[in-house]
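Notes follow the structure.
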Ligand SMILES: Nc1ncnc2c1ncn2[C@@H]1O[C@H](COP(=O)(O)OP(=O)(O)OP(=O)(O)O)[C@@H](O)[C@H]1O
Ligand SMILES: [Mg+2]
């Protein structure tokens, strides 16, 4: 990139500051499992394990990814010319959560020089001839090209194993890896306890070939604040210690709901009695529409105001096989428009991303946007967070409540690593609700102030510098920007 001398100076200033931040000026430590894992005994045991097949299934935030990175780095340092691989879900996710957040700081800590790191490829070449390659299983082809035919002395780790698709994990374990193994290769699967007892990662756990590791979040002594966070979480949500999700996510125990309900609706916390309802001060409304002629058609209106949480103020649901048409939907929306003046309309138009603008003249309904439905699992997760916090209010006896209670994930799809509704109940109303709730989540994100103590990434800051080349030093800009 061509830069002016002034910008170069600023960039150098920034880099110096960056190094100080990263503690690079401090003497690097020399590698040892003890230096790396400290008092985290379970992580240490995983790091020093040399079994061919290693299965690591833990709570969340337990130190799995960190442990895997330590294992790779330790192996690369101690075993010359070894090739080591870390696969997450996608390259982009690995870059943000592993390469930047864990790998680079770890390299700095144990004295791997900057020049060993190849940013664009996320690869690391040590002076002893060892290599460490990071990437996503989604872009494994790219990594495959850099591997030889034999993984002698290698550590090959697949992280987020609970969420890897069956058509990824299956071929890797069954056909790709076996011919490449030598007695000194280690294949490592790391992941959390899955939501339902299904999927390749879960089933592998029962097979005798694995050396197994599993631990809870409180075994991770490197995050001592977790205990307080946990108590606060239990207090706010009112969830009990015996709740299967708590047992899995915090304690790493294989406890599952007898029937894995997709939604964490709890009438005591989230239900309100119908009849003359007095809603709190709601100031914004959004509408979600899940159209169907044979399935039910569902229209759900949600509302919220300052600090009120999310309220479902109305639902319109047709019976099955009603032969509903768009003009009927249009008339309903016209009435809804008059009553609430919603700011957002979302509908499921099948795969189409096109918006619908035909109801404007006849019914005064503004543009209906295509529902955001790409990441069903993540959307259900954030609805569940809202339900757990008691911030979502649904009428008792409504069709939406019925969907909340009946909907389950499909176990066969979970085997394939996918998130599909089971045939118990097709949640048309909960889908319409999820589309509408999108507007609430977006609005909430916009309202939340950026955290003041967040340090923007180097790339973001360089961009900032470029944009305001004549605007004073980085520090002055930062002072102006964040008031610090
Ligand atoms: N050996 C270690 N040294 C220093 N800090 C550590 C170590 N192990 C874990 N940590 C800390 O614990 C945090 C969680 O670790 P990590 O990201 O590996 O957890 P995880 O089990 O992979 O979590 P997730 O379930 O979110 O993937 C890290 O961000 C880091 O701060
Ligand atoms: Mg992790």
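Values quoted throughout were computed directly from the atomic coordinates according to the rules given, and no laboratory measurement underlies them. Just so we're clear, the structure is a prediction, and the values are computed from it rather than from any experiment. Heads up, the Cβs are rebuilt from the backbone with ideal geometry, glycines too, and the neighbour counts pull from every protein chain shown.
What is the helix-to-structure angle for 226-237, meaning the angle in degrees between its Cα long axis and the longest Cα principal axis of the chain, kept from 0 to 90 and rounded to the nearest 10?
Orientation of helix 226-237: about 10 degrees from the principal axis.
Provide the gained length on full extension for the span residue 322 to residue 355, in nm with one decimal, where the gain is 0.36 nm per separating residue minus the Cα-Cα distance.
Result: 9.5 nm gained on full extension.
Over all pairs of distinct alpha carbons, what does the Kirkwood formula give as the hydrodynamic radius of the chain, in Å?
25.7
Within region 69-86, whose backbone N sits under 20 Å from a point 7 Å along Cα→Cβ of residue 221?
69-71
Which FRET efficiency value, to the nearest 0.05, is calculated for residue 29 and residue 49 with the Förster distance at 35 angstrom and r the Cβ-Cβ distance?
Result of the calculation: an efficiency of 0.95.
Return one number: the angle in degrees, 0 to 90 and rounded to the nearest 10, between the long axis of the Cα atoms of helix 376-388 and the longest principal axis of the Cα atoms of the chain.
On a 0 to 90 degree scale, this one is about 70.
No solvent, one uniform scatterer per C-alpha: report log10 I(q)/I(0) for region 39-115 via the Debye equation at q = 0.19 1/Å, two decimals.
These q points yield log10 I(q)/I(0) values of -0.92.
On alpha-carbon atoms, Rg over Rh for region 355-429 using Kirkwood Rh?
Taking Rh as the inverse mean 1/r over Cα pairs, Rg/Rh reads 1.07.
Please work out how much length the chain gains when fully extended from residue 6 to residue 396, using 0.36 nm per residue of separation minus the C-alpha to C-alpha distance, in nm with one decimal.
That pair, residue 6 and residue 396, stretches by 133.9 nm at full extension.
Considering the convex hull of the alpha carbon atoms of region 238-389, report its projected area averaged over all viewing directions, in nm², one decimal.
11.4
Please compute the modelled spin-label separation between residue 443 and residue 128, points set 7 Å along Cα→Cβ, answer in nm with one decimal.
5.8
With label points built 7 Å along Cα→Cβ from the Cα atoms of residue 211 and residue 41, find their separation and express it in nm.
Simple spin-label model gives 1.9 nm for this pair.
Return the percentage of antiparallel bridges among DSSP beta bridges fully within the chain, rounded to the nearest 5 %.
In the chain, approximately 40 percent of DSSP beta bridges are antiparallel ones.
Would you please state which residues of region 177-199 a label at residue 166 would reach in this model, taking the label point 7 Å out along Cα→Cβ and a backbone N cut-off of under 15 Å?
Hits in region 177-199 for residue 166 at 15 Å: 196-199.
Can you tell me the 0 to 90 degree angle between the C-alpha axis of helix 428-447 and the longest principal axis of the chain, rounded to 10?
Result, in degrees: 60.
At a Förster radius of 25 Å, what calculated FRET efficiency corresponds to the Cβ-Cβ distance of residue 231 and residue 382, to the nearest 0.05?
The formula returns an efficiency of 0.65 here.
Would region 296-343 count as rounded, prolate or oblate if I go by the C-alpha gyration tensor, calling it rounded below 1.5 in a/c and otherwise prolate when a/b exceeds b/c, oblate otherwise?
Because a/c hits 1.5 or more and a/b fails to exceed b/c, region 296-343 counts as oblate.
Please work out whether region 61-189 counts as rounded, prolate or oblate from its C-alpha gyration tensor, where a ≥ b ≥ c are the square roots of the eigenvalues and a/c under 1.5 means rounded, while otherwise a/b larger than b/c means prolate and anything else oblate?
Oblate shape, in that a/c is at least 1.5 and b/c is the bigger or equal ratio.
What area, in nm² and to one decimal, does the C-alpha convex hull of region 311-367 cast on average over all directions?
Reported value for the Cα convex hull: 4.7 nm².
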